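Structure first, then comments.
The values are calculated or read from the model by the stated rules, or taken from the named source; none is laboratory data. For clarity, every value in this text was computed on a predicted model and none was experimentally measured. Cβ coordinates were reconstructed from backbone atoms using ideal geometry, including for glycine residues, and neighbour counts include every protein chain displayed. Each accessible area value is taken on the protein alone, full model and side chains, heavy atoms only, with ligands, DNA and RNA left out. Shrake-Rupley method; radii C 1.70, N 1.55, O 1.52, S 1.80 Å.
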Amino acid sequence: MDKLVIEGGAPLKGRVRVSGSKNAALPILLAALLPDGEVTLENVPDLRDIKTTYRLLELLGCQVENGAGVVRVTAGKDLQPEAPYELVRTMRASVLCLGPLLARLGRATVALPGGGAIGARPVDLHLRGLEKMGASFVMEHGNIKGKCKRLKGAQINFDFPTVGGTENLLMAAATAKGETVLENAAREPEIIDLANFLVACGARIEGQGTSVIRIQGVDRLSPCRYRIMPDRIEAGTYLVAGAITGGNLMIEDCPLEALDAVATKLIQMGVRIEEKKDGVQVSRKGRLQAVDVTTQPFPGFPTDMQAQVMALLCTAEGSAVIRETIFENRFMHVLELVRLGADIKLSGQSAVVRGVDRLVGAPVMASDLRASASLVLAGLAAKGTTEVRRIYHLDRGYEHMERKLSAVGARIRRERDES
Ligand code: EPZ
């Protein structure tokens, strides 16, 4: 396993380029199962979860050629309908192959994903929606086994605006017979990107980005060439990196319009965010002020930025309450931040963060993707040396983070972790 060793205190200055979005690339790669022929995707990030998705596609019988951000996926005639546990347990998003496999083959066997570190993360809303489209499921030895004739359009109302559920149903509905209406659908920008990819393949979709999405099923989709949107959560993480170190960063390919709730909060804290012609500039003057944060489905404050903004609040003036309403266990970074000298009290789904003058470096342990980002951010600001262990969590969703940070002045290096 690897660790990151960080000497804190250096203000970050210079230019950082945002990579392609992990949470758009994942569903779009699996949607490439739908058309017959070669799909070409650009701006695909080089991440652990993306490599896992390539392996899943190959296990399902696809050809995958990956070269420098451009990936070609060919779903031929001999597709297999099974996503095995040893792969699904490493990446919950594998469940997104359910919709495409049912649409393409009329059958699918996907290991029940189990929870991740951040919570139980069931898929009941995915299955209920697919059942309304004519699929039937049995649970067998920890696998979800689904089958259907040709899926048919249905009216589906989600109890919760589930991102993955909306994505699975979008992919299932694209070639179903008749119209599907998704109500209380997720509105995340990655949903729009997936819908735009499907439209580029010939799907007929309206309302993506709103709570009601209408899909007129078509008989078949054709392969296309598509460019993945930039990663708004990576971009948000670098906005915080510029602010927490008191530096001055220019963030290239920053999808600021997809980060409105985050930018609004950061500006309320006193962070300066300016849109320039070649990127988004982030800096700050003096100490930041604490503001309360509550995570919500898009367009509210994203849960995937909660750990990062908590790191920033650790050294702001005053106290802030952070409420996590999406996942039931997404405060694993709190005790590690406390090891760095943060003053945080947990009560249920809320954390009260009291700003301290300075964090102090220490060895800490990453537990999940965004928690590890939070610890790196805190380490960049802390006095002295911080070691972040188990950074395979970080590698799931951040492309070459230590390289990007070193290039703008961070004193950070990756080392083997023999402990
Ligand atoms: C997606 O996860 C993202 N993952 C997550 O990002 C993100 O945190 C989440 O959306 C919320 O924005 C990918 O896109 C690959 P949900 P997903 O379905 O689809 C409950 C990261 O850091 N729920 O909107 O799993 C569920 O338990 C990752 O990049 C059900 O109860 O999110 C959770 O509490 C972490 N039943 C909540 O809804 C269901 O059938 C949100 O889940 C589905 C979900």
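Considering the range 106-116, and only residues there that are under 18 Å from Arg92 (Cα atoms) and surrounded by 15 or more Cβ atoms within 10 Å (Cβ to Cβ), the residue that is farthest from the ligand (Cβ to nearest atom) turns out to be Thr109. Exactly one residue out of Arg204, Arg187 is open to solvent by 30 Å² or more (accessible area, probe 1.4 Å) and either in contact (Cβ under 8 Å) with a residue 40 or more places away in the chain or among the β-branched types (Val, Ile, Thr) (or both), and it is Arg187.
When you check Glu190 against the structure, is it in contact with an Asp or Glu (Cβ under 9 Å, 6 or more places away or on another chain), within 15 Å of the ligand (Cβ to nearest atom), of a type in the set (Asp, Glu) and modelled with pLDDT of 95 or more, yes or no? Yes: the conditions hold for Glu190. Here the range 140-165 is the region considered, the condition is being open to solvent by less than 20 Å² (accessible area, probe 1.4 Å) and within 9 Å of Gly129 (Cα to Cα), and the residue that is nearest to the ligand (Cβ to nearest atom) is Gly165. Residues that are open to solvent by 20 Å² or more (accessible area, probe 1.4 Å), of a type outside the set (Lys, Arg) and touching a strand residue (DSSP E or B) at 6+ places or on another chain (Cβ under 7 Å) within the range 362-384 comprise Pro363, Met365, Gly384, listed in sequence order.
Selection of helices (runs of 4 or more DSSP H) fully inside the range 356-416 by the criterion of at least 3 residues being of a type in the set (D, E, K, R) returns 401-406.
Taking only the range 13-37 into account, find how many residues are buried (at least 17 other Cβ atoms within 10 Å of the Cβ) and more than 20 Å from Ser406 (Cβ to Cβ). Qualifying residue count for the region: 16.
Residues in the range 324-345 that are more than 14 Å from the ligand (Cβ to nearest atom) and either surrounded by fewer than 20 Cβ atoms within 10 Å (Cβ to Cβ) or not in a loop (DSSP other than H, G, I, E, B) (or both): Val334, Leu335, Glu336, Leu337, Val338, Arg339, Gly341, Asp343, Ile344, Lys345. Taking the range 24-141 as the region of interest, the helices (runs of 4 or more DSSP H) fully inside it that hold 3 or more residues being touching a residue at least 60 places away in the same chain (Cβ under 8 Å) are 98-105.
Filtered by the rule that a residue be modelled with pLDDT under 95, open to solvent by 30 Å² or more (accessible area, probe 1.4 Å) and out of contact with any Gly (no Cβ under 6 Å at 6 or more places or on another chain), the range 60-84 gives Asn66, Gly67, Ala68, Val70, Lys77, Glu82. Considering the conditions (1) small (Gly, Ala, Ser); (2) away from the ligand (no atom under 16 Å from the Cβ); (3) touching a Cys at 6+ places or on another chain (Cβ under 6 Å), Gly69 is excluded by exactly one of them, (3).
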